[in-house]
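Where a number appears in this text, it was derived from the coordinates with a stated rule and is not lab data. On a predicted model such as this, the values are computed, not experimentally measured, just so you know. Here the Cβ positions follow ideal geometry from the backbone for every residue, glycine too, while neighbour counts run over all protein chains shown.
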Amino acid sequence: MENKTFEELLKELEQVVKDLENKEIALDEAVKKYQLGLELSKACYQMLEEAEKLVVKEIKS
């Protein structure tokens with residue numbers, strides 16, 4: 001997941017959600033997709049936190 005932009009990670013996360021919404025997905029595949037989704041959402045959240053820190057830093061300067 002390194003070296004990917006926020007937009008790329010978000011697009012992957014959206015695809016994972018679509019895949020999980022498919023009612024015909026096998027359980028083992030669903031678990032793998034769910035774990036990937038957790039990793040992607042965590043990476044997105046961390047990027048947002050870093051961006052927020054930069055914005056707050058600029059505002060305080």
Residues in the stretch 28-44 that are of a type in the set (Ser, Thr, Tyr) and either under 14 Å from residue 2 (Cα atoms) or not in a helix (DSSP H, G or I) (or both) total 1
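Mind checking which residues of the stretch 45-61 are within 15 Å of residue 1 (Cβ to Cβ) and among the hydrophobic types (A, V, I, L, M, F, W, C)?
Looking only at the stretch 45-61, we keep the residues that are within 15 Å of residue 1 (Cβ to Cβ), and these are 45-48, 50.
Selection gives 47, 48.
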Only one of 4, 11, 18, 23 is of a type outside the set (S, T, N, Q) and surrounded by 14 or more Cβ atoms within 10 Å (Cβ to Cβ). Can you tell me which?
4
